[in-house]
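**Q** Sharing a structure here in structure tokens format.
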Amino acid sequence: MPRLAYVNGRYLPHADARVHVEDRGYQFADGVYEVVAIAEGRLADFEGHMVRLGRSLKELRIDWPVARPVLEMIIRELVRRNGVSTGLVYLQITRGVAPRDFKFPNPKVRPGLVLTTRKLTRFAAPAQVESGVGVITIPDIRWLRRDIKSVSLLPQVLGKQQAVEAGCYEAWMVEDDGMITEGCSSNAWIVNADGTLITRHADTHILNGVTRLSLLRLAESFGATTEVRPFTVAEAYQAREAFLSSASTFALPITRIDGKPVGDGKPGALTLRLRAAYLEALAGQPVAGGAP
Ligand code: PDD
């Protein structure tokens, strides 16, 4: 059976999935998205992603294209039809199709809904988990509503490309005050010399990662000392451990920052414990395609 995409009410072969040229997502990046991991048939942190989606829509005054329970059914149906047991769901909602004009269409048009899935064999290559990945630091040149998961991602596209060209996996973005905000598509974490786990507090300067929230809860559940505050590049260089988190990587160890080794240059113990605990917690979540 061919891989299917869901586009505005229809399940279509992926190769034939199209949106209109005047979709506002295409012309203005006027839309939001979510990425949800599917691990052994389970939608990871699904409730958290749906709550954040609702918040992003509300902030941009875009209506749900269908009621939330219907959207959840469509997601599970696409995952089922595509037979994905390990992979990702991509969900995008835009303000809809209208003649190009900056202000909102009046009268309102139907929001655009697109869903795709992608099968993966695994979420990170074993070498990335065993040896860790590298990050570079770059200036944060983004707008100041990073709490909205908008499809406007050009600074992140450029940042990731810069990271790859430097032989790294991710770029950590830094504001004028020297504080790291987050990665181009992930949240940033360090463990300092005292063993304290530090990640930036969630305000409009970062995306409040759903994985970030789960990892914080897990860290607290096993008694780790946590500080939710910004940290500097200098603190990151001196950290004992560092890692990044996202729906597609969970907690991924970082062993080089701007070419300097983090701690002893190996993935940290707390990082690996958090990764294992997250994967274990996933195993207890409902199965996609089954009862929500
Ligand atoms: N990115 N910060 C940014 C800027 C992100 O784009 C992401 C996720 C995160 C982590 O959020 P979460 O844990 O909810 O995935 C933080 C997704 C995976 C992407 O764009 O592909």
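The values are calculated or read from the model by the stated rules, or taken from the named source; none is laboratory data. Given the structure is predicted, the values throughout are model-derived calculations rather than measurements. Quick reminder, even Gly has a Cβ in these numbers, built from the backbone with ideal geometry, and neighbours come from all protein chains shown.
**Q** Among the residues of the range 119-139, how many are of a type in the set (F, W, Y) and part of a helix (DSSP H, G or I)?
**A** Going through the range 119-139 one residue at a time, the tally reaches 0.
**Q** Out of all the residues in the range 255-271, is one or more out of contact with any Pro (no Cβ under 9 Å at 6 or more places or on another chain), over 16 Å from E220 (Cα atoms) and within 16 Å of the ligand (Cβ to nearest atom)?
**A** Within the range 255-271, none of the residues are out of contact with any Pro (no Cβ under 9 Å at 6 or more places or on another chain), over 16 Å from E220 (Cα atoms) and within 16 Å of the ligand (Cβ to nearest atom).
**Q** Do any helices (runs of 4 or more DSSP H) lying entirely in the range 198-289 carry at least 2 residues that are in contact with a helix residue (DSSP H, G or I) (Cβ under 8 Å, 6 or more places away or on another chain), outside the structural domain of A171 (by TED's automatic domain parsing) and free of Cβ contacts under 8 Å to residues at least 12 places away in the same chain, and which ones are they?
**A** Filter on the range 198-289 gives an empty set.
**Q** Is it true that R100 is outside any strand (DSSP E or B), in contact with a helix residue (DSSP H, G or I) (Cβ under 7 Å, 6 or more places away or on another chain), at pLDDT 95 or above and not assigned by TED's automatic domain parsing to the domain that holds A251?
**A** Judged against the criteria, R100 is a match.
**Q** Within the range 206-246, how many residues are within 16 Å of the ligand (Cβ to nearest atom), closer than 14 Å to E182 by Cα, buried (at least 20 other Cβ atoms within 10 Å of the Cβ) and of a type in the set (A, V, I, L, M)?
**A** Number of matching residues: 5.
**Q** Residues of the range 19-76 being of a type in the set (D, E) and either under 22 Å from L279 (Cβ atoms) or surrounded by 21 or more Cβ atoms within 10 Å (Cβ to Cβ) (or both), which ones?
**A** D23, D30, E34, E40, D45, E47
**Q** For the range 140-156, does any single residue satisfy the condition of being more than 16 Å from the ligand (Cβ to nearest atom), assigned to a loop (DSSP other than H, G, I, E, B) and either not assigned by TED's automatic domain parsing to the domain that holds Y237 or not hydroxyl-bearing (S, T, Y) (or both)?
**A** Taking every residue of the range 140-156 in turn, none turns out to be more than 16 Å from the ligand (Cβ to nearest atom), assigned to a loop (DSSP other than H, G, I, E, B) and either not assigned by TED's automatic domain parsing to the domain that holds Y237 or not hydroxyl-bearing (S, T, Y) (or both).
**Q** What number goes with the only condition from (1) in a loop (DSSP other than H, G, I, E, B); (2) within 12 Å of the ligand (Cβ to nearest atom) that A188 does not pass?
**A** The one condition A188 does not meet is (1).
**Q** Take the residues in the range 35-50 that are of a type in the set (V, I, T) and within 11 Å of the ligand (Cβ to nearest atom); name whichever of them is nearest to the chain's Cα centre (by Cα).
**A** Of all residues in the range 35-50, those of a type in the set (V, I, T) come to 35-36, 38.
Now narrow it down to the ones that are within 11 Å of the ligand (Cβ to nearest atom): 35-36.
On the way: V35: 6, V36: 8 Å.
Filtering the range 35-50 for residues that are of a type in the set (V, I, T) and within 11 Å of the ligand (Cβ to nearest atom), the one nearest to the chain's Cα centre (by Cα) comes out as V35.
**Q** How about the range 109-140: which of its residues are in contact with a Phe, Trp or Tyr (Cβ under 8 Å, 6 or more places away or on another chain) and either surrounded by fewer than 20 Cβ atoms within 10 Å (Cβ to Cβ) or closer than 30 Å to D16 by Cβ (or both)?
**A** Selection gives P111, L113, V114, L115, T116, T117, R118, F123, A124, Q128, T137, I138.
**Q** Okay, next question. Away from the ligand (no atom under 12 Å from the Cβ), in the same structural domain as F46 (by TED's automatic domain parsing) and under 30 Å from N82 (Cβ atoms): does that describe L115?
**A** Numbers: away from the ligand (no atom under 12 Å from the Cβ): yes; in the same structural domain as F46 (by TED's automatic domain parsing): yes; under 30 Å from N82 (Cβ atoms): yes.
For L115, the condition - away from the ligand (no atom under 12 Å from the Cβ), in the same structural domain as F46 (by TED's automatic domain parsing) and under 30 Å from N82 (Cβ atoms) - is met.
**Q** Name the single residue, out of those in the range 191-221 being in contact with a strand residue (DSSP E or B) (Cβ under 7 Å, 6 or more places away or on another chain) and β-branched (V, I, T), that is farthest from I141 (Cα to Cα).
**A** Across the range 191-221, the extreme among qualifying residues is T196.
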